[in-house]
Amino acid sequence: MDTKRDAFRRVWLVLAGFCAAAGLVLVLCVTARSQIPDTVGRLLTAEETAQVVARNSPMTAYVYLSPNADFPRGDTIQKVTVHHMAGDLALEAVGASFAQRDRRASANYGIDSSGRVALYVEERDRAWSSGSVENDSQAVTIEVANDEVGGAWHVSDAAYETLIELCADICRRNGIEELRYTGDETGTLTIHSMFSSETECPGPYLTGRMAELAAAVNSRLEET
Ligand SMILES: [Zn+2]
């Protein structure tokens with residue numbers, strides 16, 4: 001009898017332990033989810049949009065916030081990282097793509113071929129862009145549309161001009177005195193391919209213009 005009772009007790013202990021562990025996992029999941037702001041993954045009202053834009057670049061023309069981010073970022077903003085969209089995509093299409101949780105990808109900003117700017121992850125949060133937690137924790141990341149698909153992955157003059165102005169705006173508001181393009185991850189202007197051998201992002205055209213981009217941004221920073 002006693003042995004049977006002990007066996008029952010053991011089974012109940014195991015079950016209780018299992019329930020406690022399941023409860024803990026549930027609590028952790030709810031806590032993790034609750035860190036995602038309620039502005040994520042939906043169209044915002046005009047008032048909400050104005051509040052979000054006020055915390056980010058005034059150049060922002062479209063907002064669709066992605067859940068694929070760390071809220072908030074784990075480090076201070078010290079860098080800008082350039083990516084390309086690998087396509088001539090509308091800002092709305094990129095927003096819809098970044099809204100899918102299973103894509104596990106995002107960027108802080110996007111620029112389309114007409115030079116319009118979208119915000120997908122607020123600057124205070126870490127976008128999942130470059131395959132490097134360290135870089136993305138320190139960088140504001142920007143996806144630029146290509147007006148040539150394949151080849152050198154060319155971008156339009158309007159997109160490139162906006163990229164200069166957006167970088168300068170990010171630097172001014174975040175106290176970055178200059179952008180340095182060193183060709184490796186030690187600079188304050190970085191590109192995706194520095195962190196992954198599996199990507200050419202942002203493509204030969206933009207990669208070839210990074211030193212020029214840094215110089216153009218720095219001359220605008222000196223003007224102000
Ligand atoms: Zn990229």
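Readers should treat all values here as calculations from the given coordinates under stated rules, not as data from a laboratory. None of the values given here were measured: they were computed from a predicted structure. Quick reminder, even Gly has a Cβ in these numbers, built from the backbone with ideal geometry, and neighbours come from all protein chains shown.
Step by step: first the residues of region 133-148, then only those that are surrounded by fewer than 24 Cβ atoms within 10 Å (Cβ to Cβ) and touching a strand residue (DSSP E or B) at 6+ places or on another chain (Cβ under 9 Å), then the one that is farthest from M59 (Cα to Cα). Which residue is that? Selected residue: V133.
Listed by position, the strands (runs of 3 or more DSSP E) inside region 103-190 whose residues that are within 18 Å of A93 (Cβ to Cβ) and hydrophobic (A, V, I, L, M, F, W, C) number at least 2 are 117-119, 139-144.
Do you know which residues across region 70-86 are within 12 Å of the ligand (Cβ to nearest atom) and assigned to a loop (DSSP other than H, G, I, E, B)? Don't jump to the end; show me each part of the working.
So in region 70-86, the residues within 12 Å of the ligand (Cβ to nearest atom) come out as 81-86.
Within region 70-86, M85, A86 meet the criteria.
Only a single item in (1) without any contact (Cβ under 8 Å) to a residue 60 or more places away in the chain; (2) surrounded by fewer than 20 Cβ atoms within 10 Å (Cβ to Cβ) is not met by I111, and it is number (2). Confirm whether A159 is under 25 Å from P58 (Cα atoms) and within 16 Å of the ligand (Cβ to nearest atom). So A159 passes the test. Residues in region 172-200 that are near the ligand (Cβ under 10 Å from one of its atoms) and touching an Asp or Glu at 6+ places or on another chain (Cβ under 9 Å): H192, S193, F195.
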